[in-house]
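Read the structure below first, then the notes.
The values are calculated or read from the model by the stated rules, or taken from the named source; none is laboratory data. What you see is a predicted model, and the numbers here were worked out from it, not measured in a lab. Glycine gets a Cβ as well: all are built from the backbone with ideal geometry, and neighbour counts include every protein chain shown. Please note that ligands, DNA and RNA were not included when accessible areas were found on the heavy atoms of the full protein model with its side chains. Shrake-Rupley method; radii C 1.70, N 1.55, O 1.52, S 1.80 Å.
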Amino acid sequence: MNPLYRQVYQSIKNNIVSGEYTEGDRVPSEKELSDTFQVSRITSKKALDLLEDEGLVFRQRGKGTFVSAKPSQEPGLHEVKTNKCLVGLIVPDLDDSYVSKVIASIEEASNGRCFIILKRTKGLPGKEAEAIRQLIDFNVDGLILYPAKAEHYGSEILKLIIAEYPFVLIDRTFRGVAAAFVSTDNIKAAKEGMDYLFSLGHENIGVLSPASDTTTVVDRFTGILRAYEDQNKIVNRQLWCKELRNSIPSPLETRTKPEQDIETIKKHLIQHPEMTALFAIEHNIAVLAKRAAEQLGLRVPEDLSILCFDAHDNNLSGWEFTHLRQNEKEMGRLAVTRLLEMINGHSSIKREFLDVTLVEGDSTSPLNVKPYVK
C-alpha cells in the first residue's frame, strides 16, 4: 500500500489530469487536505511538495497552491529548488559552545543554497514539538533537528518519519528509526580516549557524566566499556560519577548551579583517592572537574589527568585540555547537503558517523612512559 502522502498526491493529480482542476485553479490547502483525508499537515504538505516537484502546481506564499500552466510530462525530472528552499533548524539552546559551532557550520554551509529559520527548544520536548508544527505551518521545505531528548522521540518526529518528510538529525540518533542523521562516532571516539589514557599508564580512571541517557552519552559509555574489553582490563564502575546535572539539556532555571556539581565531583575524588585520571564526557564537566581538583589541592596533570570531549576555541590562557575534537564543520556541511538532496528527491536516507581528532593538551601526563599509537 502506498504511503499516505502518495495517496493524497495521487488524488490531486488525478483531479488535475481529468480536468477537474484546470490551469490557475487553486487546489486545496494543507489544512483542507488534512481535514479531508484525515491525515497530518506534514502528510498533506509532502503531497503538495511532490506535485510541485513534478511541475503540476506552483505555490505563492501567503496565497495558496495553484495548477501550473504546463504540467511536466516527465515527473522524474524534478525542479532544482536548492537556491530557493527554506529550511527550519531546531536546536536545544544557544549557550553551549559545541551547539553554537554546529549552528555556525550549518549557516556557513547553507550560504547561497537555502535560507535558515532558527528555533530553539530550551531542551523541552513540548517546545520541540511546537517548533516542528510552527515550521511546517510556515511551509519550510525540510528540517535540521538537534533533538531535545535523544533517548526517545515524540509524536511530531514520528509524524515526520511516517510522512517521509525531509529532515536530518544532527549529533543524535534514534534506535531502529528510519531517519537520516549526521553524528560523531561516539563509540569509537570514547574508546580512543580511553585507549589514550591507558597508554599513559593510567588504570584507575574515573568517568564524569551528566545525569542523562541520551544516545550520545550511552554510546560514549559503550566505547569506554569496549576499551576495557579490548585490553582485558577490569571495569570499576564505582569510579563512575553520573550525577552531574548542570549540563543536562533543559531550561536554565531547572539546572543545578555549577558549584553543586563541583561539590559532587569533590566528594567523588575524596571517596576514590586511587583515581589518577578523569574522562569527562563533556568539556564543561572537565572545567568543573579541574576546579574541584584544585580546591582539593590536586594539581592537573601532575596529580590528576583530565581528558574530555571538545574544547573552547577562544582560550586566551594558553592552557588547553587534552580533548577529543568533534568535526562540527563537516557535521553542518553534511546535514545541509543531505537535506537538500532529500528535498530535491535525489537521495535516500543516509546515516553518517564522523571521526574525532585527539588533541593533546596540558591536562594529561603519563604515569609510565609508553607511546600512544592511534
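Do we find a residue being more than 15 Å from residue 326 (Cα to Cα), part of a loop (DSSP other than H, G, I, E, B) and acidic (Asp, Glu) anywhere in segment 186-208?
Within segment 186-208, one or more residues are more than 15 Å from residue 326 (Cα to Cα), part of a loop (DSSP other than H, G, I, E, B) and acidic (Asp, Glu).
Please tell me if residue 110 is under 15 Å from residue 171 (Cβ atoms), surrounded by 15 or more Cβ atoms within 10 Å (Cβ to Cβ), among the polar types (S, T, N, Q) and at pLDDT 90 or above. It is false that residue 110 is under 15 Å from residue 171 (Cβ atoms), surrounded by 15 or more Cβ atoms within 10 Å (Cβ to Cβ), among the polar types (S, T, N, Q) and at pLDDT 90 or above. Per the listing 191, 233, the residue uniquely touching a Gly at 6+ places or on another chain (Cβ under 7 Å) and among the basic types (Lys, Arg) is 191. Filtering segment 235-254 to residues that are modelled with pLDDT of 95 or more and among the hydrophobic types (A, V, I, L, M, F, W, C) leaves 235, 239, 240, 241. For segment 229-247, the set of residues classified as open to solvent by less than 10 Å² (accessible area, probe 1.4 Å) and either in contact with an Asp or Glu (Cβ under 6 Å, 6 or more places away or on another chain) or not in a strand (DSSP E or B) (or both) consists of 239, 244, listed by residue number. Restricting the search to strands (runs of 3 or more DSSP E) fully inside segment 96-171 and requiring at least 3 residues that are touching a Leu at 6+ places or on another chain (Cβ under 7 Å) and either free of Cβ contacts under 8 Å to residues at least 12 places away in the same chain or under 21 Å from residue 348 (Cα atoms) (or both) gives 142-145, 167-170.
For segment 267-361, give me every one of the strands (runs of 3 or more DSSP E) that falls completely inside it and has 1 or more residues that are open to solvent by less than 60 Å² (accessible area, probe 1.4 Å) and small (Gly, Ala, Ser).
Numbers: elements: 277-280, 305-309, 322-325, 351-354, 357-359.
So the answer is 277-280, 305-309.
Restricted to segment 36-60, and to residues there that are touching a Pro at 6+ places or on another chain (Cβ under 9 Å) and of a type in the set (D, E, K, R), the residue that is farthest from residue 132 (Cα to Cα) is 54.
Here is a yes/no grid of residues against (1) modelled with pLDDT of 95 or more; (2) in contact with a Phe, Trp or Tyr (Cβ under 6 Å, 6 or more places away or on another chain):
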site	(1), (2)
308	yes, yes
312	no, no
323	yes, no
373	no, no
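Close Cβ contacts (under 7 Å, 6 or more residues apart or on different chains) running from residues in segment 31-60 that are without any contact (Cβ under 8 Å) to a residue 12 or more places away in the chain to residues that are in a helix (DSSP H, G or I) comprise 34/41; 34/44; 58/52.
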